[in-house]
Amino acid sequence: MSDVSLQAARRRTFAIISHPDAGKTTLTEKLLLFGGAIQMAGSVKGRKAARHATSDWMALEKERGISVTSSVMQFPYGDSIVNLLDTPGHADFGEDTYRVLTAVDSALMVIDVAKGVEERTIKLMEVCRLRDTPIMTFINKLDREGKNPIELLDEVESVLGIQCAPITWPIGMGKRLKGVVHLVSGEVHLFEQGRNFTRQDSTIFASIDDPALEARIGAAAMAELREELELVEGASHPFDLGKYLAGELTPVFFGSAVNNFGVQLLLDFFVAHAPSPRPRETTTREVGPTEGKLSGFVFKIQANMDPQHRDRVAFMRVCSGRFNAGMKAFHVRSGKEMKLANALTFMASDREIAETAYPGDVIGIHNHGTISIGDTFTEGEKLSFTGIPNFAPELFRRARLRDPLKLKQLQKGLAQLSEEGATQFFKPLMSNDLILGAVGVLQFDVVAYRLKDEYGVEASFEPVNVATARWVRCANEKKFEEFRDKNAVNLSVDAAGEYVYLAPTRVNLQLAQERAPDVEFLATREHA
Ligand code: G4P
């Protein structure tokens, strides 16, 4: 086997999906603990503390500094290399989350035992379904009273439309929580409080027939357990690897993240069964992870990670081949070779300069705005990875500057922040307006806040007469010039220099389209 095939097979790249407060941060911390990155566990906690201390979007801002190191966390476990990609927790920032989910090979769903399936989980699950992403489930907070486990699995099956195969089963709950039974190995792992920071998380019995177990938990609990296990067998699905990999069935684990209980069983099963990098579609062909030549796509951009330097880091998921420090790669959209100097890797213990990276890994590439979300890198082949969602803005506002002398900074700030993908920035041909488009209204507040904090510009956003945007293009240059001259009032250029038609009403858009049949009106700027 080649070096690339071997290394690709070891990779497990995933994200955690959950409703806020279900325990994503806590579980991340415990997973890192098993990965030997104990000091990192502390900083995940710190990030969370910062988030609690401030209001919603400011918190996002505060998180930024630390979220760099935690946006991708890599740790070794057994023979595997685990890459955990963080998904932003704010409801209004769904697009970022969607894009992160395009860069993983599987997902872990965390559900609060008392709350069951919540709204955000439903949404994220829909996204996973688009690519049939395999999902494992961790039912958390078993140290508290919650829903009946069998009913909970029913809820997951009916609300999320995925079959459940319990791998562990809880013995009691809340104050009565005694442990879990591993339904595949038959082992019983007892719950002992106060061991939440040790790696060995329980006392283990070989099976429920071990007499020492009954002596330990009592005859009544044993009888109840046997009865329940019979019910479970009848009411649930057995684990089926094929169905799991097809996204049709989810293995389910029970535990308590904060007590580090049930987490190792989950992790062991995860590295054993979760998929290593899978082939990915491009505009021309499918690219397999074992191919020798490097390819990858950018799924996230983060601006101003270091406010002193103003550079942006593009997060690239490696899909095939091997990345070597300092190598040159072909940036397909621009058609240019780029030296990937000082790329970052994301070992959980620290951010490091990347020496090598393999399929499934993520590297961070510093740049000054040449790289966009959705861009593909290869070793020369002209192909582009598909399926990285780009949402058309639905809300438009005009930026209004307090101090006119700061126009340059404002333009720069709007352009750079828009590279992150949550907002889009337009400059009309016929006016000096600066128009920002976004999907969620909170984005305008975030941008105003960041403009002030990162660029020293005080700006506000006011309503503007734009109902919708269409990227326009035309194969015939002459016809396009004609179109441009006639429609200059409604045309803008976006941050990438492409023409966009900003329509004041839907009717106006329709008319414009009818009058220019040779011009294509695209609802999104297609990446690459
Ligand atoms: P999130 O990232 O999904 O938003 O959730 P997070 O891990 O921050 O957990 C949300 C809250 O639930 C935290 O409490 C956390 O301590 C608690 N929690 C996580 N796992 C368990 C568990 O297994 N059992 C119980 N009982 N609680 C759990 P908090 O009060 O918001 O924060 P903190 O002050 O405890 O850090």
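Hey, among Ile208, Ile217, which residue is among the aliphatic types (A, V, I, L, M), open to solvent by 20 Å² or more (accessible area, probe 1.4 Å) and at pLDDT below 95?
Values: Ile217 fails: open to solvent by 20 Å² or more (accessible area, probe 1.4 Å).
One residue alone meets the criteria, Ile208.
Considering only residues that are assigned to a loop (DSSP other than H, G, I, E, B) and over 22 Å from the mean Cα position of the chain (by Cα), look in segment 258-283 and name the one that is nearest to the ligand (Cβ to nearest atom).
Ranking the qualifying residues of segment 258-283, first place goes to Val258.
Give segment 436-477 a look and list any residue that's free of Cβ contacts under 8 Å to residues at least 40 places away in the same chain and either among the hydroxyl-bearing types (Ser, Thr, Tyr) or surrounded by 16 or more Cβ atoms within 10 Å (Cβ to Cβ) (or both), or say none.
Result: Val447, Ala448.
Only one of these conditions is not met by Lys412: (1) open to solvent by 60 Å² or more (accessible area, probe 1.4 Å); (2) of a type in the set (D, E, K, R); (3) over 30 Å from Lys328 (Cα atoms). Which number is it?
Here Lys412 clears every test but (3).
Could you list, in sequence order, all residues of segment 16-39 that are among the charged types (D, E, K, R) and either at pLDDT below 90 or in a helix (DSSP H, G or I) (or both)?
Scanning segment 16-39 gives Lys24, Glu29, Lys30.
Please pick out the residue among Val180, Val156 that is closer than 21 Å to Gly255 by Cα and part of a strand (DSSP E or B).
Exactly one of Val180, Val156 is closer than 21 Å to Gly255 by Cα and part of a strand (DSSP E or B), namely Val180.
Sort out which residues of segment 247-257 are touching a strand residue (DSSP E or B) at 6+ places or on another chain (Cβ under 6 Å) and within 16 Å of the ligand (Cβ to nearest atom), and write them in order of number.
Val252, Phe253, Phe254, Gly255, Ala257
Could you say which residue among Gln513, Gln443 is part of a helix (DSSP H, G or I) and more than 18 Å from Ser418 (Cα to Cα)?
Gln513
Looking at segment 91-100, is at least one residue assigned by the TED database to the domain that holds Glu192, open to solvent by less than 10 Å² (accessible area, probe 1.4 Å) and away from the ligand (no atom under 14 Å from the Cβ)?
Checked against the condition, which is being assigned by the TED database to the domain that holds Glu192, open to solvent by less than 10 Å² (accessible area, probe 1.4 Å) and away from the ligand (no atom under 14 Å from the Cβ), segment 91-100 yields no hits at all.
Across segment 136-153, what is the number of residues that are surrounded by 19 or more Cβ atoms within 10 Å (Cβ to Cβ) and in a helix (DSSP H, G or I)?
Residues flagged as surrounded by 19 or more Cβ atoms within 10 Å (Cβ to Cβ) and in a helix (DSSP H, G or I) within segment 136-153 amount to 3.
Picking from Arg129, Arg120, which residue would you name as being surrounded by fewer than 21 Cβ atoms within 10 Å (Cβ to Cβ), within 12 Å of the ligand (Cβ to nearest atom), outside any strand (DSSP E or B) and in the same structural domain as Ala223 (by the TED database)? Step through it out loud before you land on a result.
Details: Arg129 fails: within 12 Å of the ligand (Cβ to nearest atom).
On inspection, the qualifying residue turns out to be Arg120.
Could you pull out the residue among Phe385, Phe377 that is more than 18 Å from the chain's Cα centre (by Cα) and either at pLDDT 90 or above or under 24 Å from Ser2 (Cβ atoms) (or both)?
Sole residue among the options that is more than 18 Å from the chain's Cα centre (by Cα) and either at pLDDT 90 or above or under 24 Å from Ser2 (Cβ atoms) (or both): Phe377.
Of the conditions (1) touching a residue at least 24 places away in the same chain (Cβ under 8 Å); (2) open to solvent by less than 70 Å² (accessible area, probe 1.4 Å), Ser431 fails just one. Which one is it?
Against the list (1) touching a residue at least 24 places away in the same chain (Cβ under 8 Å); (2) open to solvent by less than 70 Å² (accessible area, probe 1.4 Å), Ser431 comes up short only on (1).
I'd like to verify a number: residues in segment 478-504 that are of a type in the set (A, V, I, L, M, F, W, C), assigned to a helix (DSSP H, G or I) and open to solvent by 50 Å² or more (accessible area, probe 1.4 Å), how many?
Selection size over segment 478-504: 1.
Tyr244 fails exactly one of the following numbered conditions: (1) away from the ligand (no atom under 15 Å from the Cβ); (2) open to solvent by 30 Å² or more (accessible area, probe 1.4 Å); (3) not small (Gly, Ala, Ser). What is the number of that condition?
(2)
Need pairs with beta-carbon distance below 7 Å; first residue within 13 Å of Gln163 (Cβ to Cβ) and within segment 231-247, second open to solvent by 70 Å² or more (accessible area, probe 1.4 Å); sequence gap 6+ or separate chains.
Pairs that qualify, where the first residue is within 13 Å of Gln163 (Cβ to Cβ) and the partner is open to solvent by 70 Å² or more (accessible area, probe 1.4 Å), are Phe239/Val184; Ala246/Asp132; Gly247/Arg129; Gly247/Asp132.
The values are calculated or read from the model by the stated rules, or taken from the named source; none is laboratory data. A quick note: this is a predicted structure, and the numbers were derived from the prediction, not measured. A quick note on method: Cβ atoms are made from the backbone with ideal geometry, for glycine too, and the neighbour counts reach across all protein chains shown. To get the accessible areas, we keep the full protein, side chains included, count just its heavy atoms, and leave off ligands, DNA and RNA. Shrake-Rupley method; radii C 1.70, N 1.55, O 1.52, S 1.80 Å.
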